[in-house]
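Peer 1: One structure is given below, represented as structure tokens, and several questions about it will come after.
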Amino acid sequence: FQAEDGIRDFCLSRGLGDVYKRQISNTQGTNPVASMVVFSNCEPDKSKYRKFKINCKGPNDYEMMKEAIQRRLKRIDQEGWEKPDLILIDGGKGHLNKISSLVPKNINVASIAKPLKKENIDKIYLPNQKNSVEFNKDIEPLNILINLRNEAHRFAITFHKSRRSKEMLGQLKT
């Protein structure tokens, strides 16, 4: 995106196209997983949802996110793994700075961060921009991205709980 208007224009004019959201879930670095949820034209496309077991050891959110993104991008030309219009990652500018260098220039990337206590609106960050995107009163695109984030959280947490339960029952091979 060349300007802050880019993400609003993208959301509105493209109906979000195919947007991939990554989410990491772990408990102090144990049983780490990543989820990938896909929204096509602003709607969940559950046939494209994917789960990844993360191999990174220890509670390192940046490395876990890096592994998940790299594994997804390696498959970009395979059937069912088409190039996304946007990759949305969880976190603020720090996460975006670590991940955006991994993503090819022909794929848009942004991050979403929950508001601080004194704020009341989520923040969307774009690479090479100091401030978050200002949505002002046009919050429909932001709500779509928030729904995408919430769905990715749900999907990742469900997968993580399943893995954790299996390990507790001794059914998971490590």
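Peer 1: Taking segment 110-168, which residues are in contact (Cβ under 8 Å) with a residue 24 or more places away in the chain and touching a helix residue (DSSP H, G or I) at 6+ places or on another chain (Cβ under 7 Å)?
Peer 2: Ala110, Ile112, Asp122, Ile124, Tyr125, Leu126, Pro127, Val133, Phe135, Asp138, Pro141, Ile144
Peer 1: Which one is modelled with the lowest pLDDT, of the residues in segment 122-165 that are β-branched (Val, Ile, Thr) and open to solvent by less than 60 Å² (accessible area, probe 1.4 Å)? Don't jump to the end; show me each part of the working.
Peer 2: Of the residues in segment 122-165, the ones β-branched (Val, Ile, Thr) are 124, 133, 139, 144, 146, 157-158.
Checking which are open to solvent by less than 60 Å² (accessible area, probe 1.4 Å) leaves us with 124, 133, 144, 146.
Values: Ile124: 88, Val133: 83, Ile144: 77, Ile146: 81.
Looking at residues that are β-branched (Val, Ile, Thr) and open to solvent by less than 60 Å² (accessible area, probe 1.4 Å), I get Ile144.
Peer 1: Can you name the residue in segment 75-93 that is open to solvent by 30 Å² or more (accessible area, probe 1.4 Å) and farther than 15 Å from Met36 by Cβ and is also modelled with the highest pLDDT among such residues?
Peer 2: So the residue we want is Lys93.
Peer 1: Look through segment 24-74, keep the residues that are open to solvent by 10 Å² or more (accessible area, probe 1.4 Å), hydroxyl-bearing (Ser, Thr, Tyr) and at pLDDT 75 or above, and return whichever of them is farthest from Gly91 (Cα to Cα).
Peer 2: Across segment 24-74, the extreme among qualifying residues is Ser47.
Peer 1: (1) within 25 Å of Pro32 (Cα to Cα); (2) more than 17 Å from the chain's Cα centre (by Cα); (3) surrounded by fewer than 12 Cβ atoms within 10 Å (Cβ to Cβ): which one isn't true of Lys118, the others all being true?
Peer 2: The failed condition is (1).
The values are calculated or read from the model by the stated rules, or taken from the named source; none is laboratory data. Computed from a prediction, not measured in an experiment: that's the story for all the values here. We place every Cβ from the backbone using ideal geometry, glycine too, and count neighbours over all the protein chains shown. SASA here: full protein model, heavy atoms, side chains in, ligands and nucleic acids out. Shrake-Rupley method; radii C 1.70, N 1.55, O 1.52, S 1.80 Å.
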